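In what follows, a structure is listed as structure tokens, so that the remarks can point back to it.
Please treat every number below as a calculation from the coordinates, not as lab data. Keep in mind that what you see is a predicted model, and the values were worked out from it rather than measured. Here the Cβ positions follow ideal geometry from the backbone for every residue, glycine too, while neighbour counts run over all protein chains shown.
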Ligand code: GAP
């Protein structure tokens, strides 16, 4: 993990937030390449959820909802983690994460491991951030930052049913920020207090729930493989009955083998009728499907819930590679081209050569209209290649002496390091075709 954190900082993917003020625990800011990469992840998710299907519609609901939403959803009473305090080191830990936690005293041990540790009984700690709406600070103004995007979807069920004229099975998808006052955030982007979620609620006829649950587990697993994660580092783990969330009838996690061990990348839950029933009872608005023949039922909900931040971390971990090429070390991010922040680099071989620079600049301007590309003329060509390798740029076009003679350029492949020559006029078409090719990670 340390290597990923250091690469992210060095190349401007991710910075510690509020760094000039000493930082804020487990809060991060995305820099240029991080924003581009995370936007690509979200775009691939929208494609899979909306563009490639006809049965899911998009939504972008508010972060601060009527607080009654969270009473109805069970979050006010049930969205808690067990917390213990250590009276000796004054730190707080999740009672169910003691094995992975470090005590605040040196040499750091597992909380409770030494006789000095003085842990309290576990008590339930609500993870929702409280805020207030409006200028008056009274109980009537209390509100919450949403801890999941899902509830914004459930409360819009009727709107979508009527206005988008849908009938089960159909889904509503949303990407947005969520907030949880995690007791023990950590492991870089894996667990933070402010993060994004990519959630889709799929409303189905009750008898079809099991079938759709299995279907979505496989769809989501395949999506991660499609964008480059090694199958050997992915697994599906069904939840035991005692770890199910308060709303779930069944759930499975798609887990990735992170440097911290197998951990949840995305959860798929069968939420049954829990949410629609709760909101019907608490709001007085019937959230049910009524068919043309008058048949009515409360749809069951299958929910694939992932997050772009955790996906970003998994993709970077999986893509990270070090090797020795021509007796020199090379660090390379073998990212899927559809995820890579920059698709191609344009490099004049000799930056002082005005003709090369002019041709390279023209190629850059042409490609820039259709692709995210980067022009670089600073430093030796080998160092420029390595800079691009480190941010995962799949292709580099080099303008050299021969370009000035015959209008061809060299294209270098990030993974194989193979080089070939192309006519300048054909570069855009070549790049388009190359980016559309199926891609598999060359990592074992
Ligand atoms: N609506 C269901 C739900 O929220 P979850 O398993 O708690 O389920 C879904 O969260 C996904 O959101 C996780 O798989 C993860 O990708 C992301 N996520 C949850 N908590 C997170 C955190 N503290 N930091 C980063 N990502 C988080």
Please list the radius of gyration and Dmax for segment 76-184, considering alpha-carbon atoms only, with Å as the unit.
20.3, 64
Which of 44, 361, 328 has the fewest other C-beta atoms within 10 Å, and how do the rest follow up to the most?
328, 361, 44
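Provide the three semi-axes, in whole Å and in decreasing order, of the ellipsoid equivalent to segment 224-378 as defined by the square roots of 5 times the Cα gyration tensor eigenvalues.
They are 49, 24, 11 Å, listed from largest to smallest.
Looking at segment 1-146, what % of the alpha carbon pairs are farther apart than 18 Å?
On the way: 8007 of 10585 pairs.
The share of Cα pairs beyond 18 Å in segment 1-146 comes to 76 percent.
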Rounded to the nearest Å, the spacing of the alpha-carbon centers of segment 1-50 and segment 156-188 is 22
Quick check: the angle from helix 381-391's long axis to the longest principal axis of the chain, C-alpha only, nearest 10 degrees?
10
Compute the distance from the alpha-carbon center of segment 83-99 to that of segment 232-306, in whole Å.
30
Mind giving me the FRET efficiency for residue 420 and residue 371? R0 is 22 Å, r the Cβ-Cβ distance, nearest 0.05 is fine.
0.75
What number, rounded to the nearest 500 deg cm²/dmol, is the helix-based mean residue ellipticity at 222 nm of the chain, given -39500 (n - 2.57) per DSSP H run of at least four residues and division by all its residues?
-8500 deg cm²/dmol
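Going by C-beta contacts inside 10 Å, put 153, 172 in order with the fewest on the left. Don't skip to the end; give the middle numbers.
Working: 153 23, 172 27.
Final ranking by Cβ density, sparse to dense: 153, 172.
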Give me P(r) over segment 95-248, computed from all C-alpha to C-alpha distances, binned every 5 Å, as integer percentages.
2, 6, 9, 13, 17, 16, 13, 10, 7, 4, 2, 1, 0
May I ask you to give the average projected area over all directions of the convex hull of the Cα atoms of segment 324-379, in nm² rounded to one decimal?
5.0
Mean projection of the alpha-carbon convex hull of segment 318-434 over all orientations, in nm²?
6.9
Of every Cα-Cα pair in segment 30-89, the percent that sits beyond 20 Å
64
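How much length is gained if the chain between residue 215 and residue 109 is pulled fully straight, taking 0.36 nm per residue apart and subtracting their Cα-Cα distance, in nm to one decimal?
Details: separation 106, 0.36 × 106 = 38.16 nm, distance 4.29 nm.
Length gained between residue 215 and residue 109: 33.9 nm.
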Taking the reciprocal of mean 1/r across every pair of different Cα atoms in the chain, the Kirkwood radius in Å is 24.6
Radius, Kirkwood style, for segment 189-272 when every pair of distinct Cα atoms is counted (Å):
14.0
Over segment 377-444: Rg over Rh, Cα atoms, Kirkwood Rh
0.98
D (Stokes-Einstein, µm²/s), Kirkwood Cα radius, segment 6-62, 1.306 mPa s at 10 °C
117
Test of understanding: ordering 106, 158 by Cβ neighbours within 10 Å, fewest first, what list do you get?
106, 158
Over the Cα atoms of segment 236-328, Rg to Rh with Kirkwood Rh, two decimal places?
1.24
